[in-house]
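Participant: Got a structure for you, written out below as structure tokens; questions coming shortly.
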Amino acid sequence: MKFERTVKFAFATLFATLLSATRVWSATPSQADIDQMTADITGTNAAGIDSGVSTLRADIKTGWVSANLWQTWLPALVKDKRYDDVMDLSMLGIENRPGTEAMGPLLEIRAQTLLAETKADEALSAAKSYYNACAYRDTAKAVDLVAQCLAKSRATDAEIGRKFRSEQLAASLPADGEAAVGPTAAPAEPILKSVTIDGSIYNEAIGTWAAKTVHAADRGAYANLLLAADRGKEAEAVFREVFLSATTNEDYVIGAEGIARALRTEDGTIARSNAWLASIEPIAKPATPATPAKPAAKPAAKPAAPAKGNGP
């Protein structure tokens with residue numbers, strides 16, 4: 001059975017909808033300016049590309065981070081082997097828009113770029129950050145990327161990639177073939193635990209977002225940065241705060257999925273994450289989940305909202 005079929009995709013459609021736009025920017029370039037940046041960055045003229053990159057860098061620093069960054073502009077720069085620009089702009093994007101919808105693809109691009117540069121050890125660290133912080137529905141993609149990076153970084157072990165995939169599969173499937181229901185399915189020493197991350201590269205952004213305490217989306221963004229820095233327990237505490245104080249569907253989902261991702265970060269496998277998602281009652285049913293989760297015998301009800309919860 002393929003690994004991706006074993007990952008719990010509970011609330012996947014709802015997550016994708018609610019987390020797709022967690023920030024509102026005060027400065028948005030005109031469509032003409034965006035079109036010009038696209039023409040410059042995807043063009044063949046070096047001076048034009050330089051101009052487009054310079055404009056884009058300045059716009060990101062104002063807090064404007066468009067999905068074009070990971071969908072169009074960075075892929076074009078990777079194709080042109082402008083790896084320094086890719087690493088710079090992707091980090092700026094993470095710092096200014098650390099919502100799950102942006103952080104996941106930006107961390108993925110960073111790992112893939114480092115692989116292209118044959119910086120295998122750095123790529124492996126970036127891939128672990130991606131595994132930690134990506135949307136839960138993208139866990140299978142993260143497993144594949146980590147496996148690729150392990151094969152390059154630890155080439156003396158020809159089986160390391162296969163071992164990692166098998167370990168992830170074993171953590172999600174007990175002997176009877178059903179989805180794992182508890183932490184006992186996780187291996188004692190997951191391979192990811194041996195991979196280190198230089199979390200200091202996220203420190204400045206963590207400090208900035210830690211000060212944003214009013215909205216659940218901002219708290220979630222702060223916790224996402226903690227995940228990327230491999231600070232899972234701290235991130236879990238933030239997500240649990242959001243979950244327990246939720247007064248809207250969006251806040252509830254940010255907290256619920258965030259807890260699952262924090263558990264995934266702490267363990268380096270998805271056994272406890274799957275168990276957590278199976279134990280809570282969805283606030284809204286996804287339209288077409290990729291793998292319907294087997295409901296818990298007695299699903300927990302959504303906790304009562306406190307008198308003063310976080311705003312939308």
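The values are calculated or read from the model by the stated rules, or taken from the named source; none is laboratory data. Note that this is a predicted model, so its numbers are computed, not measured. In this analysis, Cβ positions are derived from the backbone assuming ideal geometry, glycine residues included, and neighbour counts consider all displayed protein chains.
Participant: Do we find a residue being of a type in the set (Phe, Trp, Tyr) and at pLDDT below 95 anywhere in the stretch 196-211?
Facilitator: No: the stretch 196-211 contains no residue that is of a type in the set (Phe, Trp, Tyr) and at pLDDT below 95.
Participant: When you scan the stretch 247-264, do you find a residue that is over 20 Å from residue 130 (Cα atoms), surrounded by fewer than 19 Cβ atoms within 10 Å (Cβ to Cβ) and either basic (Lys, Arg) or at pLDDT 95 or above (or both), even just one?
Facilitator: So far as the stretch 247-264 goes, no, none of its residues is over 20 Å from residue 130 (Cα atoms), surrounded by fewer than 19 Cβ atoms within 10 Å (Cβ to Cβ) and either basic (Lys, Arg) or at pLDDT 95 or above (or both).
Participant: Filter the stretch 119-149 for residues that are in contact (Cβ under 8 Å) with a residue 24 or more places away in the chain and not in a helix (DSSP H, G or I); which is nearest to the chain's Cα centre (by Cα)?
Facilitator: Ranking the candidates gives 134 first.
Participant: Continuing with this model, one more query. Take the conditions closer than 21 Å to residue 236 by Cβ, of a type outside the set (Gly, Ala, Ser) and in contact with a helix residue (DSSP H, G or I) (Cβ under 9 Å, 6 or more places away or on another chain) and apply them to residue 108. Does it pass? Working first, answer last.
Facilitator: Details: closer than 21 Å to residue 236 by Cβ: no; of a type outside the set (Gly, Ala, Ser): yes; in contact with a helix residue (DSSP H, G or I) (Cβ under 9 Å, 6 or more places away or on another chain): yes.
In short, no.
Participant: Still on this model: For residue 226, all conditions in the list (1) free of Cβ contacts under 8 Å to residues at least 12 places away in the same chain; (2) buried (at least 24 other Cβ atoms within 10 Å of the Cβ) hold save one; what is the number of the exception?
Facilitator: Result: residue 226 passes all but (1).
Participant: Scan the stretch 42-80 for residues that are buried (at least 20 other Cβ atoms within 10 Å of the Cβ), more than 22 Å from the chain's Cα centre (by Cα) and of a type outside the set (A, V, I, L, M, F, W, C) and jot them down.
Facilitator: Within the stretch 42-80, 52, 59 meet the criteria.
Participant: Looking only at helices (runs of 4 or more DSSP H) that lie completely in the stretch 4-88, which have at least 2 residues being hydroxyl-bearing (Ser, Thr, Tyr) and modelled with pLDDT of 95 or more?
Facilitator: Qualifying helices (runs of 4 or more DSSP H): 46-61.
Participant: OK, next. In the stretch 188-218, what residues are among the hydrophobic types (A, V, I, L, M, F, W, C), touching an Asp or Glu at 6+ places or on another chain (Cβ under 7 Å) and either at positive phi or assigned to a loop (DSSP other than H, G, I, E, B) (or both)? Let's see the steps before the verdict.
Facilitator: Step one: of the stretch 188-218, the residues among the hydrophobic types (A, V, I, L, M, F, W, C) are 188, 191-192, 195, 197, 201, 205-206, 209-211, 214, 216-217.
Restricting the remaining residues to those that are touching an Asp or Glu at 6+ places or on another chain (Cβ under 7 Å) gives 191, 197, 205, 209, 216.
Residue satisfying the conditions is 197 alone.
Participant: Also: Of everything in the stretch 146-161, what is surrounded by fewer than 24 Cβ atoms within 10 Å (Cβ to Cβ) and under 18 Å from residue 267 (Cβ atoms)? Give them in sequence order.
Facilitator: 147 - this is the single residue of the stretch 146-161 that is surrounded by fewer than 24 Cβ atoms within 10 Å (Cβ to Cβ) and under 18 Å from residue 267 (Cβ atoms).
Participant: Can you tell me which of 138, 176, 157, 121 is of a type outside the set (Gly, Ala, Ser), modelled with pLDDT under 95 and either touching a helix residue (DSSP H, G or I) at 6+ places or on another chain (Cβ under 9 Å) or over 21 Å from residue 276 (Cβ atoms) (or both)?
Facilitator: Just one listed residue meets the conditions, 157.
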